[in-house]
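One structure below.
Please treat every number below as a calculation from the coordinates, not as lab data. Since the model is a prediction, treat every value here as computed from it, not as a measurement. Heads up, the Cβs are rebuilt from the backbone with ideal geometry, glycines too, and the neighbour counts pull from every protein chain shown.
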Amino acid sequence: MFKELEKFKNSNSFGYTTNDNLEIVCNAPENAVGVFLVFDVKDNEKELIMVGSTGTVQNNGELKIKSNLFDKIVNGSQFTKSARKFSWPTQMKKEDITQLEVVWYVTFNDEIKCIPTYIEGYLLQNHFEENGKLPRWNVAF
């Protein structure tokens, strides 16, 4: 499922617990777009629970950045229409999740030009084919 992501060299990850400040632990770039994957980490097992993306490509090939990777991860709305920095801790407590791992990839820059929503859709399609459903934090696609 993640073989498609190997070509993206600008990538990193960070851990997050309900005791953390998402704005501080998030190491995603503030000047780039791409995709991010969120995993529920329990006993050295990881379950993919969400795939997200940011950045759109216009019909002239130009990149449009409404929000960068950092902003989308930290301030993007989820669950209660509030920023993830507020909604993730609440949802984690509801689901008894102690730790998340967030992995991000820059998919569109001067070196590589992969449309972020295409990569997001590709990953979600693969997850759907393998599991018969989307990751539980992805409401729809």
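Overview of results
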| read-out | value |
| --- | --- |
| Of all residues in the range 41-63 being among the charged types (D, E, K, R) and more than 18 Å from the chain's Cα centre (by Cα), the one that is farthest from residue 134 (Cα to Cα) | 62 |
| Residue list for the range 88-118, filter: over 24 Å from residue 45 (Cα atoms), under 14 Å from the mean Cα position of the chain (by Cα) and in contact (Cβ under 8 Å) with a residue 24 or more places away in the chain | 106, 107, 116, 117 |
| Hits in the range 14-30 (condition: in a strand (DSSP E or B) and surrounded by 21 or more Cβ atoms within 10 Å (Cβ to Cβ)) | 16 |
| Qualifying residue in the range 31-39 (condition: touching a Lys or Arg at 6+ places or on another chain (Cβ under 8 Å), in a strand (DSSP E or B) and surrounded by 15 or more Cβ atoms within 10 Å (Cβ to Cβ)) | yes |
| Which numbered condition residue 71 misses (of (1) surrounded by 14 or more Cβ atoms within 10 Å (Cβ to Cβ); (2) over 12 Å from the mean Cα position of the chain (by Cα); (3) over 22 Å from residue 2 (Cβ atoms); (4) of a type outside the set (Ser, Thr, Tyr)) | (2) |
| Test for residue 24: is it more than 19 Å from residue 105 (Cβ to Cβ) and not charged (D, E, K, R) | yes |
